[in-house]
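Read the figures in this text as sums done on the coordinates, not as results from a lab. These numbers were taken from a predicted model, which means no experiment stands behind them. Note that we place each Cβ from the backbone using ideal geometry, even for glycine, and neighbour counts take in every protein chain shown.
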Amino acid sequence: MVINIIKLFIFIFSTIVLSACGIDTDKALTDLDGSNIAASDRNNSNAASSNSVASFDPQPVNNFTLLDHHGRSHELFYYDDAKAIVVMIHGNGCPVVRNSVSDYMALSKKYRGKNIRFFMLNSNLQDNRESIAAEADAWNVSLPILVDDTQIVGRELGLTRTAEVLIIDPRKREIVYRGPLHDRVSYEKQTDKASNHYAELALDALLAKTSIPAANEHVKGCLINFPKFVDTSYQKDIAPIFLEHCVRCHQKGGIAPWAMNSHAMVQGFAPMIKEVLLTRRMPPYDGDPLVGHWQDNPSLNYQKVFTLLSWIDNGALKGEGGDPLAEYQSSLSEWQFGEPDLIIDIPAFDIPATGTIEYRYAEILNTHDEDVWLTAATIKPGDASALHHLNVAISDTGNNIAEAIADGYLLVWSPGTNLGKTPEGSGVFLPKDSKFMFEMHYTAYGKESVDQSKLGLYFSKKRPEKIMRFGETAGALLEIPPFRRVYDAHSYMLFDRDATIYMLGPHAHYRGKSFKYFYRYPDGREELALSVPSYDFNWQRGYSYLIPKKVPAGTMIIVTAQYDNSRFNEANPDPSATVRWGAQSEDEMLTGAFTFSWDDETSQHKTHDGNRWVINKKVGYLDVNMDGKIVASELPADRRKYFDSFAAQVDSNGDGAVTYQEWQAKPSVPFF
Ligand code: HEC
């Protein structure tokens, strides 16, 4: 009863206050009923009732991950070593934001070196990354502007207006201040100087660990349109989203720990579903959606996130009708591309219940008695919960798996990928008397088991026109210092003939943080091909072009990666280690894998030379400054000593530098 009276009071009071500031009272009403009441307005109504400076009631804040206007990924809790995280709400074209932004930038400069993170955040429906980047340029914003393209974060933070400033105490995971930056700017008027620096006072109080004052003023900024949630039908709107985006892993026997096989399951997990959307953990997809056009992108768009949030907010109800999730027939017991022409049993492996599992390797002779061309290969997992990913290569030379992959790559498989088919008109050669080499990565899932997976191969009816080939740039000079939070590395390969590229597959280990692929064309122009802003070792995926990419002779494929060897990287097994190139997960890799075909090569007329291809890869990491020449001074100290004896054999014009062409002319000379 008491609560109801208070509620009624707040209701009447806020309605007056909100109407006075031009806020849509209808929306405010729903906010009051729901949990989503805008905190700024709540505080404003408090503050308006008294002139004394009240202290602010902290609000818990949940983790979230967003890309900024440059496409870089930021996770809120990754910055929990900061003393404070300050976020000002951005909106293109809002005069209050435009007039305040230089003061906000000045504030961020004033606190430089004090371990405080400053961001802006844009949840506007009408803005997108491109238009936000243009606005940032025009108003000299050099701070990252987080782009809340599905509005999920803005809703979670209870935003109503741009220009609001939020101060987060990362240690307590609380919002300790929200309100205006200062009192200098209002609608259609501004003064030269602010007399109250609310956000700065709050920040100082947080740093001094004293009581944090609340602003006794409303936030002035532009209203953000968060459309009201809609009625949804579980059968027509919700279950189809789960079936399309989630069930390939979340089914009985699938890799995910729980199956979306009834309404009760997804209703129970509804708050967790919201959390994985906020943090972009699910569906697993690391690629920047605005760079390149790829097959098999499971990400949810604005509309689908909005529909799911509407349903969750409304109790995640089932309503009248059947349960499409319960009716779904598992797809795991079948072969992805139908019955294979040849099935290979991979040796069984024991899976422990817990702990990390080193890569497992196996070799199996190919007993098929004739040469064939393959157009597809896939895996039927024995224990899909444990089998994380698997590499398969064909070898007819008795070399190791790494060399075999460079020469006879067949498949990288992980649950739910559709990478197994070679592109239209191309194939992979499987000679008789060859062998299959397997590299398997398992993850423990709390229960001992045995994995007995099978490889299914599909033969081409006729000889394919093109040979699908595999390449990888390798950053073999990696040397990541202990505790280093940002370490950049790169490597490249050169297409010395016209080529067509089908798939890009970045690969690093636990310290890998982000990846980019570029093409540098013969005229020097560079094009960003793929960006993976938050690389996750757990998900080994390839990005297959929707339309294969043609590159002219002389194009370099450049791969850059960033590593995080600090304790802030949760996957890091040992921040105190110096990390170098190596096959184990505790070592690192910078592998920019790709599949392609040479435009001048057909299955009748081979032009690929494996030896030269390997030299090409080595030039791509020894030539650190990417000018096409290897010189002693660009090599790390421990490699420099090999240079003289190497150059003596290869440097044919004696200018002290080794070019790709010089080395190609003497392919049998190793670097060391
Ligand atoms: C490619 C496989 C895959 C897809 C697709 C996928 N998930 Fe998952 N999901 C997983 C795995 C694996 C885990 C367990 C992760 C772990 O060990 O923390 C998981 C865990 C979860 C969890 C538990 C919380 C957590 O982080 O562990 C939720 C909730 C979830 N997924 C929701 C979804 C939703 C919703 C979708 C579709 C929009 C989806 N998943 C799509 C594989 C997948």
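Roughly what angle does helix 39-48 make with the longest principal axis of the chain, taking Cα atoms, 0 to 90 degrees, to the nearest 10?
The answer is roughly 20 degrees.
What order do you get for 485-491, 267-273 when each peptide is scored by the mean count of other beta carbon atoms within 10 Å, highest first? Kindly include the intermediate steps, with their values, before the conclusion.
Working: 485-491: 17.7, 267-273: 14.9.
Those peptides, ordered most packed to least, come out 485-491, 267-273.
Pull up the DSSP beta bridges for the range 52-208 and report the antiparallel fraction as a percent, rounded to 5.
On the way: 18 of 28 bridges.
Percent antiparallel among DSSP bridges in the range 52-208 is about 65.
Given T307, Y78, F269, which one lies farthest toward the positive end of the charge dipole of the chain, if we put +1 on the Cβ of every Lys and Arg and -1 on the Cβ of every Asp and Glu?
My answer, from the dipole projection, is Y78.
Taking Cα pairs under 8 Å and at least six residues apart, what relative contact order does the chain come out at, in percent?
Numbers: 1389 pairs, mean separation 71.0, N = 672.
Reported as a whole number, the value is 11 percent.
Could you order the peptides 648-656, 275-283, 530-538 from most to least packed, using the average number of other C-beta atoms within 10 Å per residue?
Numbers: 648-656: 13.3, 275-283: 18.3, 530-538: 20.0.
Listed from highest to lowest mean packing, they are 530-538, 275-283, 648-656.
Sort the following peptides by mean Cβ neighbour count (other Cβ atoms within 10 Å, averaged over residues), highest first: 306-317, 88-99. Each step should come with its number before you reach the end.
Values: 306-317: 18.2, 88-99: 22.2.
The densest-packed peptide leads the list: 88-99, 306-317.
Per 0.36 nm of contour for each residue apart, how much would the distance between N301 and S186 grow if the chain were fully extended, relative to their Cα-Cα spacing? Before the final figure, lay out each step's value.
Numbers: separation 115, 0.36 × 115 = 41.40 nm, distance 3.52 nm.
Gain on extension, N301 to S186, equals 37.9 nm.
Gain in length, V614 to Q329, computed as 0.36 nm per residue apart minus the alpha-carbon separation, to one decimal in nm?
Values: separation 285, 0.36 × 285 = 102.60 nm, distance 4.59 nm.
Between V614 and Q329, full extension yields an extra 98.0 nm.
Using alpha carbon coordinates only, what is the Rg to Rh ratio of the chain, with Rh defined as the Kirkwood radius?
Details: Rg = 28.6 Å, Rh = 28.1 Å.
That ratio equals 1.02.
Kindly identify the range 577-672 as rounded, prolate or oblate by the Cα gyration tensor criterion: order the square roots of the eigenvalues as a ≥ b ≥ c, call it rounded if a/c is under 1.5, otherwise compare a/b with b/c, prolate if a/b is larger, else oblate. Intermediate values should be presented prior to the final figure.
Values: a/c = 2.30, a/b = 1.15, b/c = 2.00.
Oblate.
If you plug each phi of the range 296-311 into the Karplus form 6.51 cos²θ - 1.76 cosθ + 1.60 with θ = phi - 60°, what whole-Hz ³J(HN,Hα) values come out, in order, with x for Gly and Pro?
Working through the residues one at a time gives 6, 9, x, 4, 9, 8, 3, 4, 5, 5, 4, 5, 5, 5, 4, 5 Hz.
What pairs from K432/K617; K454/K617; K172/K447; K550/K617; K421/K447; K462/K617 go past 24 Å between their alpha carbons?
Details: K432/K617 28 Å; K454/K617 32 Å; K172/K447 35 Å; K550/K617 20 Å; K421/K447 33 Å; K462/K617 32 Å.
The answer is K432/K617; K454/K617; K172/K447; K421/K447; K462/K617.
Of P170, A259, Q295, which is farthest on the positive side of the dipole of the chain, counting Cα position, with +1 on Lys and Arg Cβ, -1 on Asp and Glu Cβ, and the Cα centre as origin?
P170
Pop out the ³J(HN,Hα) list for the range 154-165 in order, Karplus 6.51 cos²θ - 1.76 cosθ + 1.60 with θ = phi - 60°, rounded to Hz; leave Gly and Pro as x.
Running phi through 6.51 cos²θ - 1.76 cosθ + 1.60 with θ = phi - 60° gives x, 5, 4, 7, x, 6, 10, 10, 6, 6, 5, 10 Hz.
Could you check the simple spin-label distance between D587 and L290, using points 7 Å along Cα→Cβ, in nm with one decimal?
Inter-label distance under the simple model: 3.8 nm.
Under a 5 Å amide H to amide H cut-off, with H placed in plane at 1.01 Å, what residues pair with L478 once short-range neighbours are removed?
Here W581 satisfy the definition.
For the charge dipole of the range 342-464, defined by +1 on Lys and Arg C-beta atoms and -1 on Asp and Glu C-beta atoms about the Cα centroid, which residue among P381, A362, A393 has the Cα displaced farthest towards the positive pole?
Looking along the dipole axis, the top candidate is P381.
Okay, which of the range 621-644 sit inside 19 Å, backbone N to the point 7 Å along the Cα-Cβ direction of A665?
Answer for the range 621-644: 628-632, 644.
What is the magnitude of the charge dipole of the range 236-327 about its Cα centre, with +1 placed on the Cβ of each Lys and Arg, -1 on the Cβ of each Asp and Glu, and no other charges, expressed in debye to the nearest 20?
Numbers: 8 positive and 10 negative charges, 29 e Å.
Its charge dipole is roughly 140 debye.
Starting from the amide H of R280, placed 1.01 Å from N in the peptide plane, find each other amide H under 5 Å away whose residue is 5 or more places distant or on another chain.
T65
Size of the dipole of the range 508-582 about the Cα centre, Lys and Arg at +1 and Asp and Glu at -1 on the beta carbon, nothing else charged, in debye to 20?
On the way: 10 positive and 7 negative charges, 34 e Å.
In total the dipole reaches around 160 debye.
Under 16 Å from the Cα of K220, which lysines turn up, not counting those fewer than eight places away in the same chain?
Qualifying lysines at Cα under 16 Å: K189.
Please report, for the Cα atoms of the range 222-342, the Rg to one decimal and the Dmax as a whole number; what are they, in angstrom?
According to the Cα coordinates of the range 222-342, Rg and Dmax are 16.1, 64 Å.
Place a +1 charge on the Cβ of each Lys and Arg in the chain and a -1 charge on the Cβ of each Asp and Glu, then give the dipole magnitude about the Cα centre in debye, rounded to the nearest 20. Don't skip to the end; give the middle numbers.
On the way: 66 positive and 85 negative charges, 276 e Å.
The dipole magnitude comes to about 1320 debye.
Assuming R0 = 45 Å, what is the FRET efficiency of Y361 and S211, from their Cβ-Cβ distance, to the nearest 0.05? Walk me through the intermediate numbers first.
Working: r = 61 Å, r/R0 = 1.35.
Efficiency computed from Cβ-Cβ geometry: 0.15.
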